[in-house]
Ligand code: COA
């Protein structure tokens, strides 16, 4: 049998600026009561000036490398899943590669909105299991606060910023990331999108005036499809791993809305005690939500070696997918510590370095 792909490091970073529902009440026609009861969100984090998807990715990635006790030079792949990259190109992953000093690594971004991390993990797993890559850093990161339409109260209260990361290594262990299923339905792309700024609707004074560079969403339709698709993908990924639902210790769903998460659990007859939820603290951080939740679940001691974990997501595109993995945990302490020297000197000017002088 070939090599398995195993998560050996994890980490996350959220900006320090906390924005509560009460703060939003002051600038939008909304209320803490409405946001809490309809979404489960109490507060979220917004990036500071100068913080971007790549700087937050870097911080989460460094933490994951340190946990894995892997040196940046050991990486041969850096993937950033994001729909709010610093630039259309170069990819945010390239800036992270540079800042970390991951000199041997290929780097690219994956874009499938809130499904991004599950998609990127599937790519990394495939490249590792096939034997072409050995050590991947897989990051989900977003700076969605820069794409909020403050005149649209149904979306601006939902989305926020942050980053989470995992190290995926080739291993001779008999288990690892056991399954990865991905789906899409492109005909419904218009229901959740950023219309402007690309090749179809280039940025112009008119596109700015129309607010086409902001997130727009048909929330009700997204809601219904998200519940069904996530439940279906969860069942498919569990079956593909040759497991039954009872074998899974913890579900880590994309954190879009507590009612979506509860709807998925209800559809699957899945007890909420076996579902990880942190949406109340961070809102919807899209591709970052699952790796942030995974990292927090590990920090809280909710993941033990040998546990089976289900990751499941739905997002713009539409896209959805799920993955089942067996938790490996940390390497034995004998492994030398990772030193990310180059990175710590460079994070502050990470983005400025690629701007024309
Ligand atoms: N504060 C107060 N009222 C608000 C509001 C806000 N922030 N946003 C919308 N409303 C109002 C609407 O204007 C509407 O008022 P009306 O009845 O007078 O017209 C009312 O609340 C109900 O709106 P509706 O859109 O039906 O609410 P909802 O219960 O469907 O909840 C969402 C709206 C956006 C929370 C919900 O549709 C949702 O979560 N959808 C999925 C979104 C998502 O997670 N997307 C990402 C997937 S990855």
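The values are calculated or read from the model by the stated rules, or taken from the named source; none is laboratory data. Here the structure is a predicted model, which is why all the values come from computation and not from measurement. Every residue, glycine as well, gets a Cβ built from its backbone with ideal geometry; the counts of neighbours run over all protein chains shown.
Whether any residue in the range 161-181 is within 13 Å of the ligand (Cβ to nearest atom) and touching a residue at least 60 places away in the same chain (Cβ under 8 Å) is what I want to check.
Scanning the range 161-181, I find no residue that is within 13 Å of the ligand (Cβ to nearest atom) and touching a residue at least 60 places away in the same chain (Cβ under 8 Å), so the answer is no.
Hey, can you tell me all the residues within the range 194-215 that are crowded, with 18+ Cβ neighbours inside 10 Å and touching a strand residue (DSSP E or B) at 6+ places or on another chain (Cβ under 9 Å)?
Selection gives 194, 212, 214, 215.
Name the one entry in 168, 175, 157 that is modelled with pLDDT under 95 and surrounded by 15 or more Cβ atoms within 10 Å (Cβ to Cβ).
Selected residue: 175, the only one of 168, 175, 157 that is modelled with pLDDT under 95 and surrounded by 15 or more Cβ atoms within 10 Å (Cβ to Cβ).
Failed condition for residue 292, given (1) farther than 21 Å from residue 176 by Cα; (2) touching a residue at least 60 places away in the same chain (Cβ under 8 Å), with all others met?
Only one criterion is unmet by residue 292, namely (1).
Please find, among 141, 91, the residue that is without any contact (Cβ under 8 Å) to a residue 40 or more places away in the chain and touching a strand residue (DSSP E or B) at 6+ places or on another chain (Cβ under 9 Å).
Only one candidate qualifies: 91.
Please find, within the range 52-70, the residue that is nearest to the ligand (Cβ to nearest atom) out of those that are in contact with a strand residue (DSSP E or B) (Cβ under 7 Å, 6 or more places away or on another chain) and in a loop (DSSP other than H, G, I, E, B).
Within the range 52-70, the match that is nearest to the ligand (Cβ to nearest atom) is 52.
With respect to residue 33, is the statement that it is within 16 Å of the ligand (Cβ to nearest atom) and surrounded by fewer than 24 Cβ atoms within 10 Å (Cβ to Cβ) true?
For residue 33, the condition - within 16 Å of the ligand (Cβ to nearest atom) and surrounded by fewer than 24 Cβ atoms within 10 Å (Cβ to Cβ) - is met.
For the list (1) closer than 18 Å to residue 311 by Cβ; (2) within 16 Å of the ligand (Cβ to nearest atom); (3) not in a helix (DSSP H, G or I), I need the number of the one condition that residue 193 fails.
It fails just one condition, (1).
From the residues in the range 304-318 that are within 18 Å of the chain's Cα centre (by Cα) and surrounded by fewer than 24 Cβ atoms within 10 Å (Cβ to Cβ), which one is nearest to the ligand (Cβ to nearest atom)?
That would be 316.
How many residues are touching a strand residue (DSSP E or B) at 6+ places or on another chain (Cβ under 7 Å) and crowded, with 24+ Cβ neighbours inside 10 Å when one looks only at the range 255-302?
Adding up the residues that qualify gives 17.
Residues that are within 16 Å of the ligand (Cβ to nearest atom): which helices (runs of 4 or more DSSP H) entirely in the range 197-295 hold 2 or more of them?
By residue number, 219-240, 258-267, 279-282.
Take the conditions under 23 Å from residue 192 (Cβ atoms) and either touching a strand residue (DSSP E or B) at 6+ places or on another chain (Cβ under 8 Å) or buried (at least 22 other Cβ atoms within 10 Å of the Cβ) (or both) and apply them to residue 250. Does it pass?
No, not satisfied.
Could you check the range 71-99 and list, in sequence order, the residues that are in a loop (DSSP other than H, G, I, E, B), crowded, with 24+ Cβ neighbours inside 10 Å and more than 19 Å from the chain's Cα centre (by Cα)?
75 - this is the single residue of the range 71-99 that is in a loop (DSSP other than H, G, I, E, B), crowded, with 24+ Cβ neighbours inside 10 Å and more than 19 Å from the chain's Cα centre (by Cα).
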